[in-house]
Amino acid sequence: MKPPDICVTAPVPSEEEVLKAIASLYTDGLRPYSRILRKRLIEHSQETHPELLGKDGGNNIKNFKNCDSGKLRALCEASLQIHVETEEGGEWSAVLVDREPNFIDIYDPVDNYPQELWTAAENYFKSLGESSGVALAGGRYTSAKALVQRRLPFLECYSLGQVCHILQLAISQRKLLGYFNGGIVPYEQSTSMLKNNCAQQKQ
């Protein structure tokens, strides 16, 4: 009998938990945008409460909800160790007042990565298309986390922020990956490739 889905709402974290999450994003080279910070807090909550994941590693959890964004922002604004900055599109970020920011700009179009990396990445990403399932479930952050956890040799010297940047370049410039049904897949299986094929057929 299939276990029932579980819906768990992440509790409002303490200031100490938020500071820990922000510091970990600094280590990863990722700017603590609110959406990323909330994901990191969820990850830490799951580490603290492994019983929420279930025996199958979390497949029974239908929706581990983010903590309330408004309450999280209020907590950050009340902290003397955090400075909240308003970002574009209604987004905000929480930076530490006593640490110099050194974040990776994942939208930077400049590609300074060695060709050896891209050769290995292309071979690996093509192998993902050999299965019928989605190659990498989720967006850039979730997919980058999955790749780091796989301990791939060609990514082992790069931070999570750099892997996010590599994914962005693989999608936007290298045409190695693309999006399909909310996941990241080999470009040949992506929505962009399908649209290009349709456009060519019409021409």
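The values are calculated or read from the model by the stated rules, or taken from the named source; none is laboratory data. Quick caveat, the model's predicted, so the values are computed rather than measured. Neighbour counts are summed over all protein chains in view; Cβ atoms, including those assigned to glycine, are modelled from backbone coordinates with ideal geometry. Side chains included, ligands, DNA and RNA excluded: accessible areas come from the protein's heavy atoms. Shrake-Rupley method; radii C 1.70, N 1.55, O 1.52, S 1.80 Å.
In order along the stretch 31-44, phi translates into HN-Hα couplings of 5, x, 4, 4, 5, 6, 4, 5, 5, 5, 5, 4, 4, 5 Hz, rounded to whole numbers, per the Karplus curve 6.51 cos²θ - 1.76 cosθ + 1.60 with θ = phi - 60° and x for Gly and Pro.
Please work out the average accessible area per residue across the stretch 86-127, using the 1.4 Å probe convention, and give it in Å².
I get 66 Å² per residue for the stretch 86-127.
Solvent exposure of His165, expressed as accessible area, is near 10 Å², computed with a probe of 1.4 Å over the protein chains only.
Residues whose amide H falls under 5 Å from that of Ile82, counting only those 5 or more places apart or on a different chain, are Val97, with hydrogens built in the peptide plane. The chymotrypsin sites (Phe, Trp or Tyr not before Pro) found in the stretch 94-161 that occupy coil by DSSP, while having at most 16 further C-beta atoms within 10 Å, are Phe103, Tyr107. Taking all protein chains together and a 1.4 Å probe, the residues Asp98, Asp105, Asp28 rank Asp98, Asp105, Asp28 from largest to smallest accessible area. Backbone amide hydrogens, once placed in the peptide plane, bring Asp111 within less than 5 Å of nothing, excluding anything fewer than 5 places away on its chain. Model label sites at Leu80 and Ala23, defined 7 Å from Cα along the beta-carbon direction, differ in position by 1.7 nm. Note that the stretch 152-165 has calculated 3J(HN,Hα) couplings of 6, x, 6, 10, 5, 9, 10, 6, 4, x, 5, 5, 4, 5 Hz, one per residue in order, obtained from phi through the Karplus relation 6.51 cos²θ - 1.76 cosθ + 1.60 (θ = phi - 60°); glycine and proline are x.
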